[in-house]
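J.: Got a structure here, written out as structure tokens. Questions coming.
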Amino acid sequence: MASATLSTPVSKTANPRRGMPKWVWALPPVAVLALVFLYPLALVVQQSVQPDTGGSSLKPYADVFGSSAFREALGTTVWLALGATVGCLVLGFALALVIAFVPFPGGKAVAKFIDVFLSFPSFLITLALLFVYGSVGMANGLWTDVTGADSGPFQFLTTPWGVLLAEITYFTPFVMRPLLAAFSQIETAQLEVASSLGAKPARIVRQVILPEALPALAAGGSLVLVMCLNEFGIVLFTGAKGVTTLPMLVYSKAILESDYPGACVVAVVNVLISVGLYGLYRVVSRRAGA
């Protein structure tokens with residue numbers, strides 16, 4: 001019986017059907033990405049080297065880089081983005097500390113409202129500030145009613161400081177969200193031990209909470225910086241005179257001046273700055289993690 005079993009030839013099983021290579025599944029999303037993003041971006045780059053006179057030339061770049069309007073817009077964009085990022089980091093860290101570690105009625109509702117706030121469009125926050133601090137807003141209206149003056153004292157929304165206030169107001173929750181997630185991972189036992197050893201709240205924040213919050217601060221700050229560099233709606237809706245950022249310069253050249261090569265040059269510069277900052281953030285975060 002055993003010999004019969006051994007003598008029976010082993011039949012060769014058919015090879016299982018090979019599935020499609022894994023890279024095939026990446027083709028549809030790559031094709032969609034190329035169609036809706038890479039192709040329009042390539043057209044912008046192409047238009048930036050095609051002056052109105054015809055042919056291909058770097059003259060649009062030379063004209064834009066040599067203009068004082070571009071240099072002023074670049075400087076304004078950078079300082080507004082940096083100022084808004086610093087303000088969001090400081091304010092977001094302080095508010096996240098209160099929400100996470102100071103018990104008060106409605107704390108959970110406030111944390112959930114932050115998630116809803118992230119879905120608001122930027123111009124909506126700007127309009128809200130205009131209703132309160134605008135030239136005919138509630139604050140100026142109350143002042144004129146009480147004093148009888150012709151106009152109120154709150155005129156800062158049409159200045160760079162008004163744009164900075166609006167950006168800090170809108171982008172601070174983008175810093176608070178990762179901070180609250182990081183604070184939820186901190187063991188309360190660490191805080192209790194530090195407090196029992198006589199550490200004051202400021203020292204606990206500096207030596208226990210802040211080190212745990214640094215990655216979240218870096219993530220939120222880098223996101224806010226990139227978003228502020230590309231912000232258009234806030235600057236447009238505040239109506240700030242003399243405040244021209246790179247996105248506003250793109251709008252001005254394309255819509256008001258019909259200078260499409262110049263607008264594409266500014267857009268390419270804006271994209272390169274944003275991608276460069278993102279790449280720098282990735283390098284710094286990778287080294288920090290190592």
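The values are calculated or read from the model by the stated rules, or taken from the named source; none is laboratory data. All figures in this text were calculated on a predicted structure; none of them were measured in a lab. When we count neighbours, we look across all protein chains shown, and the Cβ atoms used for this are built from the backbone with ideal geometry, even at glycine. We work out accessible area using only protein heavy atoms, side chains counted, and drop any ligands, DNA or RNA first. Shrake-Rupley method; radii C 1.70, N 1.55, O 1.52, S 1.80 Å.
J.: Can you name every residue in segment 128-161 that is assigned to a helix (DSSP H, G or I), hydrophobic (A, V, I, L, M, F, W, C) and in contact with a Gly (Cβ under 9 Å, 6 or more places away or on another chain)?
T.: Going residue by residue through segment 128-161, those that are assigned to a helix (DSSP H, G or I) are 128-133, 138-147, 156-158, 160-161.
Still in the running and hydrophobic (A, V, I, L, M, F, W, C): 128-132, 138-139, 142-143, 146, 156-157, 161.
Within segment 128-161, Leu129, Leu130, Phe131, Ala139, Leu142, Trp143, Phe156, Leu157 qualify.
J.: Oh, and also: May I ask you to list the residues in segment 96-131 that are among the small types (Gly, Ala, Ser) and more than 26 Å from Ala202 (Cβ to Cβ)? Steps first, please.
T.: As a first pass, look at segment 96-131 and keep what is among the small types (Gly, Ala, Ser): 96, 100, 106-107, 109, 111, 119, 122, 128.
Residues satisfying the conditions are Ala109, Ser119, Ser122, Ala128.
J.: Check Asp150 against each of (1) within 17 Å of Ala84 (Cα to Cα); (2) loosely packed, with under 13 Cβ neighbours inside 10 Å and name the one condition it does not meet.
T.: Asp150 satisfies every listed condition except (1).
J.: Would you confirm whether any residue within segment 123-144 is under 26 Å from Ala219 (Cβ atoms), modelled with pLDDT of 85 or more and in contact with a Ser or Thr (Cβ under 8 Å, 6 or more places away or on another chain)? Spell out the reasoning first.
T.: Pass one, segment 123-144, residues under 26 Å from Ala219 (Cβ atoms): 123-126.
Now restrict to residues that are modelled with pLDDT of 85 or more: none.
No, segment 123-144 contains no residue that is under 26 Å from Ala219 (Cβ atoms), modelled with pLDDT of 85 or more and in contact with a Ser or Thr (Cβ under 8 Å, 6 or more places away or on another chain).
J.: A further question follows. If you check every pair at least six apart or on different chains, which have Cβ atoms under 7 Å apart with a residue in segment 126-147 that is closer than 21 Å to Trp161 by Cβ and crowded, with 16+ Cβ neighbours inside 10 Å first and a residue that is of a type in the set (Ser, Thr, Tyr) and at pLDDT below 85 second?
T.: Thr126/Thr238; Asn140/Ser151
Quick grid of which residues meet (1) of a type in the set (D, E, K, R); (2) closer than 30 Å to Ile234 by Cα; (3) in contact with a Phe, Trp or Tyr (Cβ under 9 Å, 6 or more places away or on another chain):
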| position | (1), (2), (3) |
| --- | --- |
| Phe171 | no, yes, no |
| Phe174 | no, yes, no |
| Leu179 | no, yes, yes |
| Ala182 | no, yes, no |
| Ala189 | no, no, no |
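J.: Exactly one of (1) at pLDDT 85 or above; (2) open to solvent by less than 40 Å² (accessible area, probe 1.4 Å) is unmet by Val208. Its number?
T.: If we test Val208 against (1) at pLDDT 85 or above; (2) open to solvent by less than 40 Å² (accessible area, probe 1.4 Å), just (1) comes out false.
J.: Val243 passes all but one of (1) open to solvent by less than 40 Å² (accessible area, probe 1.4 Å); (2) more than 30 Å from Phe154 (Cβ to Cβ); which number fails?
T.: Answer for Val243: the failing condition is (2).
J.: Quick check on this structure: which one of Ser184, Ser119 is exposed (fewer than 13 other Cβ atoms within 10 Å of the Cβ), hydroxyl-bearing (Ser, Thr, Tyr) and at pLDDT below 80? Walk me through how you get there before you give the answer.
T.: Details: Ser184 fails: at pLDDT below 80.
Answer to the selection: Ser119.
J.: Of all residues in segment 211-236, which are open to solvent by 60 Å² or more (accessible area, probe 1.4 Å) and more than 25 Å from Pro247 (Cβ to Cβ)?
T.: The answer is Pro211, Glu212, Leu214, Pro215.
Results for (1) of a type outside the set (Val, Ile, Thr); (2) over 23 Å from Pro121 (Cβ atoms), shown as yes or no for each residue.
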| site | (1), (2) |
| --- | --- |
| Ala182 | yes, yes |
| Leu217 | yes, yes |
| Leu225 | yes, no |
| Thr244 | no, no |
